[in-house]
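First the structure, in the form of structure tokens, and then the observations on it.
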Amino acid sequence: MTTILLYSPDVIGHPRVYCRVIADALSNEDCDIVVAMGFTDEAGLAQSPDLQPLASRNRVQLIDNRSRGRGPHLTAEELVALQEERGITTTLFIEADKSNGEFRRIAAGAAPRLKGRNLGIFANTSEWYPGEDSFTGAPKRFIAPTLRTTLGNVKRAVFERKNSVRYFYEQLILGRGVLDEILVKDERLAQWFGPPVYWMPEISRPILEEGTTGDAAELERSRAQLKTFLSTGLEPVLYFGDAAFYKGYDLFLEFIARNPNTTAIHAGRVETYDARERSLFRYDVEAIRRKLKAEGRLYETASYVHAQGLKQLYFEAVRVYITTHRLALSSATVIQAAEFRRPVLVPKRGLLGHRVRRNYLGDVYEYGNLDDLAAKAHALWQSDLSRFTPSLERFYERFSDESIRRFFIERLLH
């Protein structure tokens, strides 16, 4: 009997979509699936519509991690107990970065070794290769602008080698066999290192099935509301997802405020940031929201958008998908924009910028520079955008439902 464990210590963001999609990819295969999720009182199954169909699916079991340990994040000991109890054949760590502390304990012999085959999806790999800050995508250079920083880099390279990201992945995770495979979203790393590091197609939404476009009445209501909102003739700009610092929510609002020829569509939840995150914003988001609403230039769904029909409605409402991401890793929303054949405008940093330039998906602008963003956006709007369509179609094929199915069947079952 083959039993796959999908372990995720958290729920918010992409983990619930990943667990749903991987379970769907394996649905016609001869295996049982255990999904261990880090549910909380605020983010439980009731707040996770993408996961709810799994609760009643044959050969799939949902587990609340709090029932196995002291909280949503399981220790190595708790994971091993779960693996042994359920006869797990292969475990996939959905957000492996969040278990790094436990991986270090295992490598040091301070915790038991995991059972069966173990694979981890890692996001923060860019410092390993090609040598970029994991958040901003800024190049990390040995020779720094100041002598003090350069000497610090020399000291760390010579005396603190075991603290480096490269040592962690190559010597601890792979060298000591803590995990059998590393799955990464950055194709640059997979091409450079090779197996057992594999590139995985990033998951941007649940796999589509017949009749999954969403509630027809809700779609028509939203379509009518959006049509009325866009009747002013201003250039629509889309922000997709929860309001968040890493997505540059404040930068998005300020961009709209500075460019009176634009109007904003925010498809997602609004007040999802806490006081700490709000303090990081460069601009006063509440004040800008009030201003834009008073001008009739801000449309908000104020809810999580998961129906494919609604996603298509909002992405196809814009001619160019502009992202103000501060996080320069890959972006599921850029993949969704490619699915709907919308060219993109992204910061010139990290994997995000690399993909857009390498695959001819649109254009890039200077990271965090709203003036350059405005100049590049207006240039795109005034150009022939159809020139990007063939390359957008080629790019999206790498992330298609079938590509995702093939990948996870190969890695988890063969």
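In table form, for the structure just shown:
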{"item": "Hits in the stretch 53-73 (condition: surrounded by 15 or more Cβ atoms within 10 Å (Cβ to Cβ) and within 15 Å of VAL11 (Cα to Cα))", "result": "LEU54, LEU62, ILE63, ASN65, ARG66, PRO72, HIS73"}
{"item": "Meets criteria (part of a helix (DSSP H, G or I), more than 27 Å from the chain's Cα centre (by Cα), farther than 17 Å from ASP180 by Cα and without any contact (Cβ under 8 Å) to a residue 24 or more places away in the chain) for ALA81", "result": "yes"}
{"item": "Any chance LYS247 is within 30 Å of ASP274 (Cβ to Cβ), outside the structural domain of PRO347 (by TED's automatic domain parsing) and touching a residue at least 40 places away in the same chain (Cβ under 8 Å)", "result": "no"}
{"item": "Selection within the stretch 95-104 - touching a helix residue (DSSP H, G or I) at 6+ places or on another chain (Cβ under 7 Å) and closer than 13 Å to LEU74 by Cα", "result": "GLU95, GLU102, PHE103"}
{"item": "Condition met for GLN382 (of a type outside the set (Ser, Thr, Tyr) and in contact (Cβ under 8 Å) with a residue 40 or more places away in the chain)", "result": "no"}
{"item": "Any hit, the stretch 393-400, residues being more than 20 Å from the chain's Cα centre (by Cα) and on the phi < 0 side of the Ramachandran plot", "result": "yes"}
{"item": "Some residue of the stretch 60-77 being outside the structural domain of SER331 (by TED's automatic domain parsing), free of Cβ contacts under 8 Å to residues at least 40 places away in the same chain, small (Gly, Ala, Ser) and assigned to a loop (DSSP other than H, G, I, E, B)", "result": "yes"}
{"item": "Residues that are crowded, with 18+ Cβ neighbours inside 10 Å and part of a loop (DSSP other than H, G, I, E, B), drawn from the stretch 20-30", "result": "LEU26"}
{"item": "Candidate set from the stretch 74-85 (those that are touching a helix residue (DSSP H, G or I) at 6+ places or on another chain (Cβ under 8 Å) and surrounded by 19 or more Cβ atoms within 10 Å (Cβ to Cβ)); member that is nearest to ASP32 (Cα to Cα)", "result": "LEU79"}
{"item": "THR228 vs. criteria hydroxyl-bearing (Ser, Thr, Tyr) and free of Cβ contacts under 8 Å to residues at least 60 places away in the same chain", "result": "yes"}
{"item": "Odd one out for THR212 among (1) among the polar types (S, T, N, Q); (2) outside any helix (DSSP H, G or I); (3) at pLDDT 95 or above", "result": "(3)"}
{"item": "Yes/no for ALA46 being crowded, with 18+ Cβ neighbours inside 10 Å, aliphatic (A, V, I, L, M) and out of contact with any strand residue (DSSP E or B) (no Cβ under 6 Å at 6 or more places or on another chain)", "result": "no"}
{"item": "The stretch 27-58, residues that are under 20 Å from LEU119 (Cα atoms) and over 21 Å from the mean Cα position of the chain (by Cα)", "result": "SER27, GLU29, ASP30, CYS31, ASP32, ILE33, VAL34"}
{"item": "Which listed residue, of ALA224, ALA217, ALA190, is surrounded by 19 or more Cβ atoms within 10 Å (Cβ to Cβ), assigned to a helix (DSSP H, G or I) and out of contact with any Gly (no Cβ under 9 Å at 6 or more places or on another chain)", "result": "ALA190"}
{"item": "Elements of type helices (runs of 4 or more DSSP H) contained in the stretch 267-358, each with 3 or more residues being out of contact with any Phe, Trp or Tyr (no Cβ under 9 Å at 6 or more places or on another chain) and surrounded by 15 or more Cβ atoms within 10 Å (Cβ to Cβ)", "result": "285-294, 308-315"}
{"item": "Residues of the stretch 148-200 classified as at pLDDT below 95, of a type in the set (A, V, I, L, M) and over 20 Å from SER134 (Cα atoms), total", "result": "3"}
{"item": "Condition check for VAL17: outside any loop (DSSP other than H, G, I, E, B), within 21 Å of the chain's Cα centre (by Cα) and surrounded by fewer than 21 Cβ atoms within 10 Å (Cβ to Cβ)", "result": "yes"}
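The values are calculated or read from the model by the stated rules, or taken from the named source; none is laboratory data. Small disclaimer: the values here were computed from a predicted structure and weren't measured. Positions of Cβ are generated from backbone atoms using ideal geometry, with glycine treated the same way; all protein chains shown enter the neighbour counts.
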